[in-house]
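None of the figures in this text is laboratory data; all of them are computed from the coordinates on show. As the structure is a prediction and not an experimental result, all values here were calculated from the model. Neighbour counts are summed over all protein chains in view; Cβ atoms, including those assigned to glycine, are modelled from backbone coordinates with ideal geometry.
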Amino acid sequence: MTPEDLLYTKTHEWVCVETDESDEKIATVGISAFALELLTDLVYIELPEVGWDVVAGEPFGVIESVKAVSDLCSPVDGEIVDVNERVSDQLETLGNDPYSSGWLVKIKISDESGLADLLDHAAYRSQCKEEQH
C-alpha cells in the first residue's frame, strides 16, 4: 500500500478500506508521514482496546511527542476489530514505516457515509502544503 492509494482525514490519519471474507468493510487506520514529521520525537501512544465503538471525527487514542500531545481521530463510525500493539512497544515503527507496519487500528465500518468526507492523496498533499506556510 502506497500513500497515493490511501484516503486521509484533515487531522492527518490515513485510511485504507478493504472488504473482508464476510463482506464487511474494514478500515485500516494510521498516521501520515507528514504528521509524524510535525510531531518529531515520539514518546508515547495510547490506542483503544478491541471492541471499542468509535465515531467519525472523535478521538480513539492519543499520540505524544516531546513537542505536543495530539488526539488520534477516527475517520469512520464502527468497531475496533484489531489494534497494532507492536506500535505501542516500538514507536520507531511509525517513523520507519507509517503506511505499512505502522498501522494503528482496524475498524469494522458501521456507517460508510463518513468515507465521503475523506481526502484523496492530491487533496491531502494540498492541505499539507497550506499548513507548511
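Data table
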item: Full-stretch length increase - Glu85, Leu38 - with 0.36 nm per residue and alpha-carbon distance subtracted; result: 14.6 nm
item: Cα convex hull of the stretch 38-97, projected area averaged across orientations, nm²; result: 4.1
item: Förster radius 30 Å - calculated FRET efficiency between Lys10 and Ser110 (Cβ-Cβ, nearest 0.05); result: 0.90
item: Pairwise label distance in nanometres, Val66 with Asp53, each label 7 Å out on the Cα-Cβ vector; result: 4.2
item: Relative contact order of the chain, pairs being alpha-carbon contacts under 8 Å that are 6 or more residues apart, as %; result: 30
item: Rounded to whole Å, sorted largest first: equivalent-ellipsoid semi-axes of the chain, Cα gyration tensor; result: 21, 18, 13
item: When the stretch 1-62 is reduced to its Cα atoms, the Kirkwood hydrodynamic radius in Å; result: 13.4
item: Principal axis dimensions, largest first and in whole angstrom, of the stretch 82-133 by Cα; result: 34, 33, 14
item: Distance between modelled label sites at Asp20 and Arg125, nm, 7 Å Cα→Cβ extension; result: 3.3
item: Per-residue Cβ neighbour rank within 10 angstrom, fewest leading, Ser70, Ser101; result: Ser101, Ser70
item: The stretch 1-38 and the stretch 91-133: distance between their alpha carbon centers, rounded to Å; result: 5
item: Qualifying trypsin sites (Lys or Arg not before Pro) for the stretch 24-133 [loop in DSSP, other Cβ within 10 Å: at most 13]; result: Lys67
